[in-house]
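To start, the structure itself, in structure tokens.
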Amino acid sequence: MTDALLSVRGIEKRFGGLVALAGVSMEVPKGLVYGLIGPNGSGKTTLFNVVSGFMRQDAGTVAFEGRDIGRASPHRVARLDLCRTFQATACPTRMTVMENMLLA
């Protein structure tokens with residue numbers, strides 16, 4: 001797909017002998033919202049960590065708007081307007097929903 005906003009090709013990530021991601025490929029076209037679902041331990045968080053720069057892949061490529069970001073640091077990825085949030089079990093209670101979203 002030539003108009004992919006996000007392109008992930010052949011991503012592999014290992015933790016010692018554990019293979020967390022094995023040849024993961026996907027594309028997200030511009031203007032669409034995609035969801036990623038799967039059981040616990042299937043590699044969803046690891047894939048998000050690789051795409052957002054919090055982890056380095058062992059193989060494969062990540063491109064955002066046609067730019068290779070596979071080895072970019074998280075702050076450089078965020079400057080491209082590709083951001084992630086972390087699961088938080090406790091949110092500040094004196095903030096509005098919008099303020100909580102902006103906090104991320």
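The values are calculated or read from the model by the stated rules, or taken from the named source; none is laboratory data. Remember, it's a predicted structure, so these values are computed and weren't measured experimentally. Counting neighbours? That spans all protein chains shown, and the Cβs are built from the backbone with ideal geometry, glycine included. Side chains are part of the model used for accessible areas, which takes the heavy atoms of the whole protein and leaves out ligands, DNA and RNA. Shrake-Rupley method; radii C 1.70, N 1.55, O 1.52, S 1.80 Å.
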Taking only protein heavy atoms and a 1.4 Å probe, what accessible area per residue, in Å², does the stretch 35-104 have with all protein chains in place?
74
Relative contact order (%) - the chain, alpha-carbon pairs under 8 angstrom, separation at least six:
26
Sorted by packing (mean other beta-carbon atoms within 10 Å per residue), highest first, where do 75-81, 43-49 land?
43-49, 75-81
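Under a point-charge model restricted to the Cβ atoms of Lys and Arg (+1) and Asp and Glu (-1), what is the dipole moment magnitude of the stretch 55-104 relative to its Cα centre, in debye to the nearest 20?
Here the stretch 55-104 has a charge dipole of around 140 debye.
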Would you mind telling me the share, in percent, of accessible area of the chain contributed by carbon and sulfur at probe 1.4 angstrom?
57
Charges only on Cβ, +1 for Lys and Arg, -1 for Asp and Glu: so what's the dipole of the chain about the Cα centre, in debye to the nearest 20?
260
